[in-house]
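Student: Dumping the structure here so I can ask a few things about it.
Please treat every number below as a calculation from the coordinates, not as lab data. Please read these numbers as outputs of a predicted model, since none were measured by experiment. Please note: Cβ atoms are built from the backbone with ideal geometry, for glycine as well, and neighbour counts cover all protein chains shown.
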Amino acid sequence: MYQFHTDHPTPNVYLDVARGAISNSQIVHKFGANFDIDQATDPESVWTGGGLYPWASLSSAQTIYCLSTSGSDTAVLNIEGLDANYNELTESVTLTGTSAVTTTNAFLRVFRMTYDAENAGDITARTVSASGTIVAQIDTGYAQTLMAVYTIPAGFTGYLVALDATIDGTKTCQVLMYHRLFGKPFRIAHIAESDGHYRYEFVAPLTVPEKTDIDIRVSEVSGNDARVTANFDLVLIRD
């Protein structure tokens, strides 16, 4: 269980967690974007890979194939996710442009990647092969994945404190937070209608148990080529 630090506590518990003054806890800020949602293709997850996030492709832990659409991308790619036991796992690989590089570790989840340079092409992480299913993508120039999906690591309970979403121009959409408890199907945990910007701060944080998958989706867009972003904030407490 976590313990509050008694030296110089601040009135803001989230600041205390962020600065390490509360043991066995951490802040997770997830953010994503989907730059092209059409009426014929929604619902879609808020991630740059487009469409619904392919959870089924990560039904078992496996090595990941990483590559770029540009031969100029030869810097270090940092991958964050979970291993077969749902424990936090990170690995760094050096890209070789358009030729795939495989991870040494087997990932059950991939929920963030960062690149140590400005990427000239789209960088993707794929299952099975270099032409397999995309499970994480860094769009050209971003050097960071934009994916509003996450899985609570083993041994932690997550507490969702806030989420928000935006849709471009005069369009409207439905914002849905789906979560999947371990061994259960995906279910809606929060839903709202948005005509530009939507934000919700939970008076009592929403409890999210270990191994729960979170997927922010958008449906019922009022026009094609909708650009949507989404963010959510979690406090993780070690059980």
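Student: For Trp47, Trp55, what ranking results if the residue with the fewest other Cβ atoms within 10 Å of its Cβ goes first?
Tutor: Ranked by crowding around the Cβ, least crowded first: Trp55, Trp47.
Student: Separate question: Taking the simple approach of a point 7 Å from Cα along Cα-to-Cβ for both Gln26 and Tyr14, what is their distance in nm?
Tutor: Using points 7 Å along Cα→Cβ, the separation is 1.9 nm.
Student: With label points built 7 Å along Cα→Cβ from the Cα atoms of Glu88 and Glu193, find their separation and express it in nm.
Tutor: Those two pseudo-labels are separated by 4.0 nm.
Student: On to the next question. Please find, in a Gaussian network model of the chain (springs between Cα atoms separated by less than 10 Å), the residue of Thr151, Thr102, Thr170 whose mean-square fluctuation is greatest.
Tutor: Thr170
Student: Given R₀ = 35 Å, what would the calculated FRET efficiency be for Asp116 paired with Ser57, taking r from the Cβ atoms and rounding to 0.05?
Tutor: So, using R0 = 35 Å, E works out to roughly 0.85.
Student: On a straight-distance basis, which aspartates and glutamates could pair with Lys211 in a cross-link, Cα separation under 19 angstrom, same-chain partners fewer than 8 positions away excluded?
Tutor: Lys211 reaches Glu80, Asp83, Glu88, Asp233, Asp239.
Student: Moving to a separate point now. Can you give me the long-range amide H partners of Leu89? Hydrogens built in the peptide plane at 1.01 Å from N, cutoff under 5 Å, separation of 5 or more residues or another chain.
Tutor: Here the answer is Gly81, Leu82, Asp83, since their amide H atoms fall under 5 Å of that of Leu89.
Student: Could I ask something else about it? For each of Tyr86, Tyr14, count neighbouring Cβ atoms within 10 Å of the residue's Cβ, then give the residues from fewest to most.
Tutor: Ranked by crowding around the Cβ, least crowded first: Tyr14, Tyr86.
Student: Which ³J(HN,Hα) values in Hz, rounded to whole numbers, follow from the phi angles of segment 144-153 under the Karplus curve 6.51 cos²θ - 1.76 cosθ + 1.60, where θ = phi - 60° and Gly and Pro get x?
Tutor: Each residue of segment 144-153 in turn: 6, 5, 10, 9, 8, 10, 6, 10, 5, x Hz.
Student: Run the dipole for the chain about the Cα centre, Lys and Arg Cβ at +1, Asp and Glu Cβ at -1, nothing else charged, and hand back the magnitude in debye, nearest 20.
Tutor: About 560 debye.
Student: Give the Kirkwood hydrodynamic radius (Å, one decimal) of the chain, defined as one over the mean of 1/r across all pairs of different Cα atoms.
Tutor: Here the Kirkwood hydrodynamic radius works out to 18.6 Å.
Student: Another one. Express the Stokes-Einstein translational diffusion coefficient of segment 89-171 in µm² s⁻¹, to the nearest whole number, given a Kirkwood radius over alpha-carbon pairs, 10 °C and a viscosity of 1.306 mPa s.
Tutor: Estimated diffusion coefficient is 105 µm²/s.
Student: Test of understanding: express the Cα radius of gyration of segment 55-138 as a ratio to 2.2 N^0.38 Å, with N the residue count.
Tutor: 0.98
Student: Straight-line reach from Lys171: which aspartates and glutamates have Cα under 19 Å away, leaving out those fewer than 8 places along the same chain?
Tutor: Asp36, Asp38, Asp42, Glu44, Glu193, Asp195, Glu220, Asp225
Student: Using alpha carbon centroids, what distance separates segment 84-128 and segment 12-61, in Å?
Tutor: Answer, in whole Å: 16.
Student: Among Phe156, Phe31, Phe186, which one shows the biggest mean-square fluctuation in a GNM of the chain, springs joining Cα atoms closer than 10 Å?
Tutor: Between Phe156, Phe31, Phe186, it is Phe186 that shows the largest mean-square fluctuation.
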